[in-house]
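Peer 1: Here it is: the structure, laid out below.
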Amino acid sequence: MMIRNPDDRAEGTGFGAGFYQPVPPVDVWGIFHAFWRGKWIILGAMICAVFTAGYYAFTQTTPAYAATATISLDRTAAGNDDTGFTEISPTQLNTQAAILRSRHILENVIVALDLERDQTFNRYLLPVSVWSVAGLRDRARALITAQPATDVTAQELRDKTIDNLAAMLRTGPERGTHILGVTATTANPNQSQMIANAVAQAYLDDQVAAHAHAVEDTITRLGQRVAQLQQDLQTKETAINALLTSGQMTDETALDRLSQQANAAAQRLAEARQSPAQNPQIDALQSLHDRLTAQLSAQSDGLVALQQLRREAQSTRALYTTLLAQLQQTQGVIGSDPAAARILSPAAPGRYVAPRKTYIIAIAALLGAFAGMAYVLVQRQRHVQSTAFFTTGNWRVVARFQANPKRKNLRYNQDAANRLRTAVTLHQADRAQIILATTCEKTATGRLAAWALAQSFARIGRSVLFIDAQTSRTTDMCDSATDIAHFMSHDAVFAQENPASGITCLHVADPKNCAADIIGNADFGRFLERARARFDQIVMHAADVGSCAEAQIFAHHSDAVIVTLNDNQTRQRDWENAQRALRHIATAPEPLIAFTG
């Protein structure tokens, strides 16, 4: 609870005690009630949003049609030749999906379909208006760079076409499968179908070309290797034949016999050197021994070289035979390999995918409703709410009038006027009361409560004087009212009451006259005293107590002040100004609150 004005509490003035209001709790029912009162605003916002969104969706947008072709991948398409491995990793699938949108694939599609001559993909074919966005941009660029616009090169045109085509494609694997989908989205269903199928076919052609190129590279590499091995084998066989032709022993048996002969010659040479009788044979035995030893050494080295050449020739022949068989097998399977990928289902004519007009309209309706409700809530915060007065209880709300009552609801306003009359008479019942009915705004809402109160007093036989200080009058109240200026002198006789209403009406007849000048005259106080003696009740009406001087003068002379607020239309700022104005009038009583609306 906020602390009220201590000065007003000390003085005991009723009005000051209610100036500071507590922070009201969240009024959920009041919010819903505000939405109900503002239902036409909310509905109007929704209708405007729906019409705007419908106009955009049906006239300003370009329809989009999507066509999808699917490609089934074999495990070898992902570069996996392991026969024991049957799964393709997500990384490999995503790689193949990226290949579908790669530059060389798209270039093949552009060439095959001649998309550079299509205005959808080549905006340079469209005429550029001088005052269009593109025209203004080109002129601004030329002005800034101080260089005239240059013609588009073939490479720039190709790059732009590739970018446009890539923006219309969406590729990716289907979850849990080895299937790739390629979706083309254009403004023409047949064109979407044609592009999707062309991209899928270009991918397959690229896979076949890449496989054929790989096979050709393999054949070339194997052929070169086989030719080199064949030459090496021939060289080794020639060397072997040369060794055999030169008398080289081919096995170790002959080498063993030669070794035995050399050993026998060495033994005989040793015996001859021990016997002096055999001295003539020593030279012959020595010559034989040297010749056999030299021959044994030569044959031993030759046999080692021969065996080495035979081993090398054998390994070369085995590798040559293997590679030759692989080369023949590779040459034999050209054109007979199973396809690594195939089109599982070609694209059908594109289906309509955008704009989703129903969603656009539904979202627009929601946004319109939210905007309308936000506006209603903002207006609710800016205007006085009767529910807030009933919730806080700081002000005495005594009546509520219907601003435009129907014939069957006239009784409602009469009951409200009776409640207002009862609340007023409780203050002072011993003498004629001067009652001020005012408002916080420049409207006729205060006159409704004032006239209804005057009629209520007249119905119970009271003589009533109704003073209207507002020059702009309605035609159904006080039609026979007399100018108040005629009765300001002390000897003036009051006008007769209206026979139809039983009320004597005075008002400021001439709009050129200032009501504050007339009411602020020194004779006005004496006029009121004479009126007290003549009438039982004096009801005065003045508009906008916050800014009109006559209302503040009336409040100074009044026994009761009724402030009429227009529910959900009187601004909080005007209400605060009215409170501030009445607080500065020391003799002003605590106002009674009446609502209209």
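Peer 1: At 1.4 Å probe radius, can you tell me the per residue accessible area of segment 525-582 in Å²? It would help to have the intermediate numbers written out before the result.
Peer 2: Working: 1980 Å² over 58 residues.
So segment 525-582 comes to 34 Å² accessible per residue, rounded to a whole number.
Peer 1: Report the label-to-label distance for Ala146 and Thr482 in nanometres (one decimal), using points 7 Å from each Cα along the Cα→Cβ vector.
Peer 2: Modelled inter-label distance: 9.0 nm.
Peer 1: Further question on the same structure: Pop the C-beta distance of Thr245 and Asp163 into the FRET formula with R0 = 56 Å and round what comes out to the nearest 0.05.
Peer 2: On the way: r = 75 Å, r/R0 = 1.33.
Step by step, r from the Cβ atoms, then E = 0.15.
Peer 1: Label-point separation (nm) for Phe370 and Thr218, each offset 7 Å from Cα along Cα-to-Cβ?
Peer 2: 6.0
Peer 1: Per-residue counts of other Cβ atoms within 10 Å, averaged by peptide: what ranking do you get for 227-235, 535-543, highest first?
Peer 2: 535-543, 227-235
Peer 1: Would you grab the residues whose amide H sits under 5 Å from the one on Ala354? Only those 5+ places off in sequence or on another chain, please, with H modelled 1.01 Å from N.
Peer 2: Ala64
Peer 1: Could you check the spin-label model distance between His211 and Gln381? Points 7 Å from the Cα along Cα→Cβ, value in nm.
Peer 2: If labels sit at His211 and Gln381, their model points lie 6.9 nm apart.
Peer 1: Between Glu174 and Glu107, what FRET efficiency follows from the Cβ-Cβ distance if R0 is 30 Å, with the result rounded to 0.05?
Peer 2: According to the calculation, E is roughly 0.70.
Peer 1: What length, rounded to one decimal in nm, is gained on full extension from Gln308 through to Arg137, with 0.36 nm per residue of separation minus their alpha-carbon distance?
Peer 2: Difference between extended and current length: 53.3 nm.
The values are calculated or read from the model by the stated rules, or taken from the named source; none is laboratory data. Worth saying up front: this structure is predicted, and the values here are computed from it rather than measured. A quick note on method: Cβ atoms are made from the backbone with ideal geometry, for glycine too, and the neighbour counts reach across all protein chains shown. For the accessible areas, the whole protein counts, side chains as well, though only heavy atoms, and no ligand, DNA or RNA atoms are used. Shrake-Rupley method; radii C 1.70, N 1.55, O 1.52, S 1.80 Å.
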